[in-house]
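For reference, the structure is listed below as structure tokens.
Each reported figure results from applying straightforward, stated rules to the coordinates on display, with no laboratory input. What you are looking at is a predicted structure, and each value in this text was computed from that prediction instead of being measured. Because the Cβ atoms are built from the backbone with ideal geometry, glycine has one as well, and the counts that use them run over all protein chains shown.
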Amino acid sequence: MTRAPDQTATPVAQAEGKLARLGAQVEAMQALLVRLLQDVVRAETQIEQGQVARLVQVNEQLVVAALSSQDEADTAAMALDEAEQSAVLDALTRLPNRTALFDRGRQAIANARRRGSRLAVLFLDLDNFKDVNDAHGHAFGDQVLCLTADHMRSVVREADTVSRLGGDEFVVLLAELHHLADAQAVAEKLIAAMAAPVVLDGKTVSVTASVGIAIYPQDGTDVETLVARADAAMYETKRQRAGGIALHGSGAVDTPGPPASPRLPPAHLAAKSTRDLADADRRLAQLRDANEKLVLAAITAQELKEAAELARQRQTVFMAAVVDELRNPMAPIRIASAMLGREPAEEPLLPRVQGLVEQQMARMSHLVGNLIEASTASPGGWEFERHWVDLTRVIDAAIATHRPQMQARAQHFESHRPPGALGVLGDAARLELVVSNLLDNASKHTHDGGSIRLSVEVAGDTLTLTVSDNGIGITSHLLLQLFEPFVQDAHTLGLNGVGLGIGLTVARALVRAHGGDLVAHSAGPRRGSQFVVTLPPAASAERAPAVANTAGDAGAGRSAT
């Protein structure tokens, strides 16, 4: 006979039963985690010295293998650079091609923007070059193009760029332009150099060129626009007479070269009136302007699209990195919290639990501080009052934070500072974050037993703080983008818990917000690194009411760990 289910139990009683069973399961899991942690502690205390030595030896072999792999990667990168170099040169003239021209143009514009200077783009087109190819063949024409390239290189400076766009069109980038007249003078020299008669394969060669000039920044703020407008100016002077020079927006200028040979207009144009020709010119100019606007609009839209895509990618990387960094310290904290309030027999583990929680909470606090500062690392993002700050106390606080980390890894630390207070105007908490990030970066990228040094010097109107180490160093490629967010070098992956890659970004942004600067130096991989902070010191008259400087006096001079 089948027994009917018990209908007397209420839903509340059933729920309580389920909760009781779940509670028992949770208690069992917590007990299991506690036993596992106890086993780990016992295992750590039972490791023999011979096992430790073998582990150290294996670790050293792994490091040597990693460094060897890095050397091989550097060699491969050099070979790749050489291949890329050949890919950006014109196959015929060995001049930089269009890709190289536009890359150098962007760099030159960035430098000119920082210095507030100007540069010029010269667009050259050989006059009637088709006649040379038709009369003597393309092989002879190629020799003329190579000869023309040599003449152009001999006229400009080493800092300037002579590029071949294709066919008989060349572009010259004048990276430094002190006066507008200098661009016209260079154009005249180019025309004169190419017009000099030269005997080639028994034939006397003399070519002329028409030149258009565009100036940064009045004629455009990007290299594509400058080339397009110099091209338009070149065609304007070529339409009037061959061998001329024209500035964008200013028309043709007088040149010392010989005038072009007169040509009879076609019969149907000769019959037109002067008014019809003027109308045709006006319509042509309008079409050219409309075309330029369309090209600029297309370029601007593409740049906006690329910028939006880059911002989206950076946001995705940022969120993924934050989630990963916050997930790592949470697991040890959960285990430690489960042990609190348990059996008295487990009381010897409580100091280890407390240290574990404090260590992970300090890591999370440092991470969140960097994230908060990174979120405001934009022009106008920081708003803080500036007060007189004793940098000595700031340095002592940062050293106290990272001294246990360095001692745990047997790293030797030295501090050299002049005696007395080191006054600057700024925010003490943010300045402490700068020094803390630099010390944290030095410790993470220095092997166990390595050396870290902090020094401060005051000379004139500059206070210089330097954090140096003898760690893994920085590659020359990484030095160019070291302070960009999320930048990590390949040979630092997996080393001592290297994190998000925003600590140095935040440090430089904060230093600049205080009117100073942060730069990095390194002789290369395995040769250590050096980070130099420069700040304007505060005058003694700007100091707040005197406060006993016990911490500052204790940290002055030299200390070592």
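As an exercise, take the mean of 1/r over every pair of distinct alpha carbons in the stretch 98-257, invert it, and state the Kirkwood radius in angstroms. If you can, show how the numbers build up before the last one.
Numbers: mean 1/r = 0.0634 Å⁻¹.
One decimal place: 15.8 Å for the Kirkwood radius.
Within the set of other residues whose C-beta is less than 12 Å from the C-beta of Arg113, count the net charge using Lys and Arg as +1 and Asp and Glu as -1.
Once all neighbours under 12 Å are counted, the net charge is +3.
Calculated FRET efficiency, Lys18 to Glu414, Cβ-Cβ distance, R0 = 41 Å: about 0.10 to the nearest 0.05.
As a footprinting exposure proxy, order Glu484, Glu309 by other Cβ within 10 Å, with the fewest listed first. Intermediate values should be presented prior to the final figure.
Numbers: Glu484 14, Glu309 10.
In increasing order of surrounding Cβ atoms, one gets Glu309, Glu484.
Ignoring lysines fewer than eight residues from Lys293 along the same chain, the ones with Cα atoms less than 27 angstrom from its Cα are Lys238, Lys305.
Sorted from fewest to most neighbouring beta carbons within 10 Å, what does the list Asp201, Asp469, Asp182 look like?
Ordered by Cβ neighbours within 10 Å, fewest first: Asp201, Asp182, Asp469.
Packing, taken as the mean count of other beta carbons within 10 Å per residue, orders the peptides 127-134, 510-517 from highest to lowest as 510-517, 127-134. Simple point charges give the picture: +1 on the Cβ of Lys and Arg, -1 on the Cβ of Asp and Glu, and for the stretch 98-257 a dipole about the Cα centre of about 460 debye.
Spin-label model, His136/Ala429: points 7 Å from Cα along the beta carbon direction are separated by 7.6 nm.
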